[in-house]
Amino acid sequence: MTTPFYITTPIYYVNARPHLGHAYTTICADVIHRYHCMISDTNFFLTGTDEHGDKIMRAAKAENTTPRAYVDKISSLFRELWPQLNISNDHFIRTTDPDHIEVVKMVLQKIYDQGDIYFSEYEGKYCFGCERFYTERELVDGKCPDHETEPETIKESNYFFKMSRYQQWLIDHIKEHPTFIRPERYKNEILSFLREPLDDLCISRPKSRINWGITLPFDKDYVTYVWFDALLNYISALGYPDSEKFNTFWPVAQHITAKDILKPHGIFWPIMLKAAGLPVYKHLNVHGYWNVDKSKMSKSLGNVVEPLQLKNVYGLDAFRFFLMRDMVFGLDSSFNEQALVQRINADLANDLGNLFSRVITMVHKYCKGIVPSIDTSIEKELSLGLKDKAAEAISKYQQAMGDFAFHKALTAIWNLISQLNKYVDVTAPWVLAKNKSSRGQLDVVLYNLLEGLRVIAALIYPVMPDTAAKMHKHLGLDPREPFYKMHTVKAWKNLPSGIALPKTVTLFPRVQMKETNTSPAEKDENKTLNPALKPEISIEDFARIDLRVAKIIKAEAIARAKKLLKLHVDIGEVEPRIIVAGIAGSYTPEQLTGRQVIIVANLKSAKLMGVLSKGMMLAAGNGEKSVTLTLDETLPPGTQVR
Ligand code: MSP
């Protein structure tokens with residue numbers, strides 16, 4: 001049996017609709033789960049909803065409904081959202097499930113019986129948003145750091161869990177298992193918290209104040225504190241205490257949360273497990289916040305972004321890709337729709353999408369759409385180390401996935417995509433196609449490109465499962481086969497020759513910004529521009545101009561046209577395109593050949609001196625001398641200029 005893997009998300013409160021923050025955590029868990037499906041057959045992925053407590057009771061009251069009806073409604077919003085985001089969870093737990101309630105009572109009774117729970121009176125500062133007491137030193141300017149509201153002073157008799165008894169054990173455990181809480185900054189945060197004596201945890205709420213919760217098994221006048229109830233979902237969902245699932249998955253449990261709930265997961269939870277005589281989880285993986293204008297995106301701050309809206313406008317895989325590529329797991333990130341559009345156009349439409357359609361188009365054009373077979377005697381010299389480059393990308397990708405460094409895993413894939421784009425430029429299949437004697441070479445080149453794309457299709461599977469399946473289908477492979485299994489991915493030359501490929505497909509259409517994020521201050525700055533310039537245009541107008549990096553492959557004079565040159569430029573299309581440029585007064589054809597320039601790629605074609613020009617090369621000049629716009633570093637032809 002392969003090594004089992006168990007991943008959980010927090011169970012989300014049902015006091016608000018799901019937003020981008022919830023979607024991010026759940027997509028992270030989905031990506032890591034799908035990645036583990038590539039390397040193992042025994043995986044379990046859990047998500048769900050946290051449905052008890054004061055917060056929920058108040059939300060139900062505000063809607064003039066019962067807590068039961070309310071939790072059913074909001075929980076189903078989460079449950080129905082996840083399939084629309086391609087979330088592959090194996091189970092969806094609700095803390096109102098009878099099995100879960102039984103487990104909470106069982107654990108409470110055990111801990112109570114062994115003397116770890118006592119009854120006492122307490123007065124303290126209580127944040128209703130967090131549903132917990134805060135100590136003075138935890139407050140920021142007297143306010144709850146999460147809700148930015150002043151907590152209320154509450155005096156009550158309650159049950160307390162003797163966490164202090166386990167403080168030294170927890171410190172030792174964290175030190176002995178350096179990746180127990182990761183990334184390291186969060187481990188350090190917990191260790192620094194543990195330097196002060198731990199307060200015991202108030203684990204009950206009197207029914208006179210809150211009655212929406214699990215009744216304490218040893219006092220019917222109290223309900224269980226929502227965190228003591230919620231954390232136990234991670235074991236109740238596995239069928240604790242005596243199920244095979246529990247025995248298989250609990251020893252390898254990994255949680256994902258954002259930093260807002262670091263303390264319950266990094267302190268309460270391991271201590272609860274220890275007190276209950278259970279092994280602790282393996283890793284707590286903590287990520288940062290999606291912010292909007294420096295504030296955490298949250299319902300209480302009223303700045304949420306709806307995941308489904310973004311999915312509907314930009315496409316699911318593009319949305320998933322953006323979240324995984326733009327946030328460094330562990331750090332905060334600012335949500336910016338413009339960055340999303342740029343990522344889609346540059347990384348997806350341009351780098352991956354163009355490469356894929358270009359290669360499939362060439363296979364149709366030069367090989368009748370059939371995957372060519374290769375002549376092994378010339379294979380090595382023509383492969384230019386592509387196999388090793390793929391192996392290196394896979395190894396970096398696996399290392400990054402193991403560390404939850406999704407952005408690094410994607411960078412490793414995009415490096416391989418860039419290598420493949422370079423391979424097209426260097427081998428120039430359209431030149432090989434012109435000569436019958438280079439047929440064998442052309443076949444090797446095209447086969448290698450298809451094989452590279454097969455590897456890429458599999459590696460993107462965890463983040464973009466639909467695109468992976470689409471690529472797979474267009475590479476002529478059977479979608480029922482587990483094409484993403486790592487041993488298959490690693491086997492170079494796995495693509496069978498002789499199969500017919502469906503016609504090419506656009507993986508990612510280019511997109512335009514639906515709404516600009518220009519702040520009023522930025523708009524004012526623009527007004528100070530020199531008034532002699534051309535009238536202002538909008539960002540949408542500018543975005544209609546498709547500027548690309550082009551490589552001049554050949555330049556030649558045009559008969560009877562002193563000022564014009566005919567340029568053959570490569571912008572990553574199947575064949576070079578022709579551009580006529582009025583630059584003969586400033587450059588000879590030889591000076592231009594091999595140069596990287598910038599062109600307007602979507603200018604309407606026009607005939608100049610009998611030559612059809614498709615685009616325009618940019619140059620700066622005063623009408624007499626012109627200077628081409630070049631780059632100070634080499635980039636793949638077709639790279640977008642923004
Ligand atoms: N119910 C508790 C968790 C109990 S787990 C045993 C809870 N629920 S919550 O609905 O508030 O969800 C918090 C989690 O939602 C965060 O830890 C994170 O996973 C996700 N996020 C909510 N807002 C977020 C951001 N702005 N940015 C990133 N993640 C966000 O706490």
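Rounded to the nearest 0.05, the FRET efficiency derived from the C-beta distance between SER377 and ASN435 at R0 = 25 Å is 0.85. Accessible area per residue for the chain is 45 Å², calculated with a 1.4 Å probe on protein heavy atoms, without ligands, DNA or RNA. Straightening the chain between GLU306 and HIS147 buys 55.2 nm, computed as 0.36 nm per residue apart minus the Cα-Cα spacing. What the phi angles of region 170-186 give under the Karplus curve with 6.51, -1.76 and 1.60, with θ = phi - 60°, is a coupling list of 5, 4, 4, 4, 5, 5, 6, 10, x, 9, 4, 10, 9, x, 4, 4, 7 Hz, glycine and proline written as x. For the pairs LYS55/LYS187; LYS61/LYS274; LYS389/LYS551; LYS220/LYS274; LYS105/LYS282; LYS470/LYS493, note any where the Cα-Cα span goes beyond 31 Å. Result: LYS61/LYS274 exceed 31 Å. Per residue, the chain reaches -11500 deg cm²/dmol at 222 nm when only DSSP H runs of four or more residues are counted, each adding -39500 (n - 2.57).
Note on the chain: with charges restricted to the Cβ of Lys and Arg (+1) and Asp and Glu (-1), its dipole about the Cα centre is near 2840 debye.
The accessible area of ASP199, taken with all protein chains in place and a 1.4 Å probe, comes to roughly 80 Å². Residues within the reach of a label modelled at TYR118 (point 7 angstrom out along Cα to beta-carbon, backbone nitrogen below 18 Å), restricted to region 154-190, are 156-168. With all pairs of different C-alpha atoms in the average, the Kirkwood value for the hydrodynamic radius of region 5-313 is 20.0 Å.
Each label was represented as a point 7 Å from its Cα along the Cα-to-Cβ direction; for SER295 and VAL505 these points are 4.3 nm apart. With K and R counted +1 and D and E -1, the other residues having a Cβ less than 12 Å from that of ASP375 yield a net charge of -1. Cysteine residues of the chain whose C-beta has no other cysteine C-beta under 4.7 angstrom: CYS28, CYS37, CYS202, CYS367.
The candidates LYS408, LYS470, LYS434, LYS187, arranged from most to least accessible area with a 1.4 Å probe in the full protein assembly, appear as LYS434, LYS408, LYS470, LYS187. Straight-line cross-link reach from LYS396 at under 14 Å between alpha-carbon atoms covers these aspartates and glutamates, not counting any fewer than eight positions away in the same chain: ASP388.
Only protein heavy atoms count here; under a 1.4 Å probe, PHE5 has an accessible surface of about 10 Å². Sequence-distant contacts, meaning Cα pairs under 8 Å at least 6 residues apart, place the relative contact order of the chain at 11 percent. Close amide H partners of ASN291, meaning residues 5 or more places away or on another chain with modelled amide H under 5 Å apart, are MET297, SER333, SER334, PHE335. Could you work out the Kirkwood radius for the chain, taking every pair of different alpha carbons, averaging 1/r and inverting it, reported in Å? Hydrodynamic radius (Kirkwood, Cα only) of the chain equals 28.2 Å. FRET efficiency for the pair LYS155 and ALA16, taken as 1/(1 + (r/R0)^6) with r the Cβ-Cβ distance and R0 = 41 Å, rounds to 0.85. About the centre of its Cα atoms, region 336-544 shows a dipole size close to 800 debye [charges on the beta carbon of Lys, Arg (+1) and Asp, Glu (-1) only; nearest 20 debye]. Once the Cα atoms are used to define both axes, helix 439-459 deviates from the longest principal axis of the chain by about 20 degrees. For region 545-628, the carbon plus sulfur part of the accessible surface works out to 54%, probe radius 1.4 Å. LYS245 contributes about 90 Å² of solvent-accessible surface, heavy atoms of the protein only, 1.4 Å probe.
Hey, quick one: spin label on ASN336, modelled 7 Å out along Cα-Cβ, who in region 282-318 has an amide N within reach, i.e. under 16 Å? It comes to 290-295, nothing else. The 3J(HN,Hα) values that the Karplus relation (6.51, -1.76, 1.60; θ = phi - 60°) gives for region 489-498 are, in residue order, 4, 6, 7, 5, 6, 8, 6, x, 7, x Hz. Gly and Pro appear as x.
Each Cα pair of region 336-544 feeds into the Kirkwood radius, which the Stokes-Einstein equation turns, at 4 °C and 1.567 mPa s, into a diffusion coefficient of 68 µm²/s. Counting only protein chain heavy atoms and rolling a 1.4 Å probe, the accessible areas of THR588, THR25 rank, largest first, as THR588, THR25. Can you give me the long-range amide H partners of MET616? Hydrogens built in the peptide plane at 1.01 Å from N, cutoff under 5 Å, separation of 5 or more residues or another chain. Hits under the 5 Å cutoff: VAL600, LEU603. Computing Rg and the Kirkwood Rh from the Cα coordinates of region 545-628 gives a ratio, Rg/Rh, of 0.92. Of VAL103, CYS127, MET163, which is farthest along the charge dipole of region 90-221 in the positive direction, counting Lys and Arg as +1 and Asp and Glu as -1 at C-beta? My answer, from the dipole projection, is VAL103. Divide the volume of the convex hull around the Cα atoms of region 244-352 by the residue count and you get 151 Å³ per residue. Around the amide H of ALA584, modelled in the peptide plane, lie the amide H atoms of LEU564, LEU565, all under 5 Å away and 5 or more residues distant in sequence or on another chain.
The values are calculated or read from the model by the stated rules, or taken from the named source; none is laboratory data. Worth saying up front: this structure is predicted, and the values here are computed from it rather than measured. Because the Cβ atoms are built from the backbone with ideal geometry, glycine has one as well, and the counts that use them run over all protein chains shown. These accessible areas exclude ligands, DNA and RNA; they are computed on the full protein's heavy atoms, side chains included. Shrake-Rupley method; radii C 1.70, N 1.55, O 1.52, S 1.80 Å.
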